[in-house]
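Accompanying notes for the structure given below.
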Amino acid sequence: MSITRIIGIIASAVIIICAFLPWSEINDVHLKHLIFTGVNTVGSSYGEPGKLNIFLSVVALAMFALRKKWTLRVNLFVCGFLLAWTFRNMMIFSRCEIGICPQTHIALYISVAAALAAFLSVLFTRVDK
């Protein structure tokens, strides 16, 4: 197994772990103390974007483990969509609304970096002949 596939598998596992860690926190005197993770966004209208992160990471992890030519092509789409989705999550969870700015936590940025690492590892994986 090549080093790029191993990096892709590790990056996919990191994205799954980061979905359960705190992404942002709102501490305001008028609102109660809210902590948002990828799968727990109670008190907001964000939905649960971590579930799609987990699903796409599991699919990417399976595609990294298989050594076929078609899996690289499918994985290119999956990791590209995963990168776009995690970037979207970063933009949503770190923006200010109505003068209230959340405190972002490191897991949000680690998930974006891991999605970028997974996408780059798909791009640099050599095709077996």
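So if I check each of VAL74, VAL122, which one is of a type in the set (Val, Ile, Thr), under 18 Å from the mean Cα position of the chain (by Cα), surrounded by 18 or more Cβ atoms within 10 Å (Cβ to Cβ) and outside any loop (DSSP other than H, G, I, E, B)? Sole residue among the options that is of a type in the set (Val, Ile, Thr), under 18 Å from the mean Cα position of the chain (by Cα), surrounded by 18 or more Cβ atoms within 10 Å (Cβ to Cβ) and outside any loop (DSSP other than H, G, I, E, B): VAL122.
Within segment 52-67, the presence of a residue that is of a type in the set (Gly, Ala, Ser) and outside any helix (DSSP H, G or I) is excluded.
Of all the listed residues (ALA60, ALA84), the sole one being surrounded by 17 or more Cβ atoms within 10 Å (Cβ to Cβ), within 12 Å of PHE119 (Cα to Cα) and under 15 Å from the mean Cα position of the chain (by Cα) is ALA60.
In segment 1-37, of all residues being buried (at least 19 other Cβ atoms within 10 Å of the Cβ) and touching a Pro at 6+ places or on another chain (Cβ under 6 Å), the one that is nearest to ASN75 (Cα to Cα) corresponds to THR37.
Table: residues versus (1) in contact (Cβ under 8 Å) with a residue 24 or more places away in the chain; (2) over 30 Å from ALA65 (Cα atoms); (3) among the aromatic types (Phe, Trp, Tyr).
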position: ILE3; (1), (2), (3): no, no, no
position: SER12; (1), (2), (3): yes, no, no
position: ALA19; (1), (2), (3): yes, no, no
position: ILE26; (1), (2), (3): yes, yes, no
position: HIS30; (1), (2), (3): no, yes, no
position: ILE35; (1), (2), (3): no, yes, no
position: GLY38; (1), (2), (3): yes, no, no
position: GLY47; (1), (2), (3): no, yes, no
position: LEU52; (1), (2), (3): yes, no, no
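Just so you know, all these numbers are worked out from the coordinates, no wet-lab data involved. Just so we're clear, the structure is a prediction, and the values are computed from it rather than from any experiment. Cβ coordinates were reconstructed from backbone atoms using ideal geometry, including for glycine residues, and neighbour counts include every protein chain displayed.
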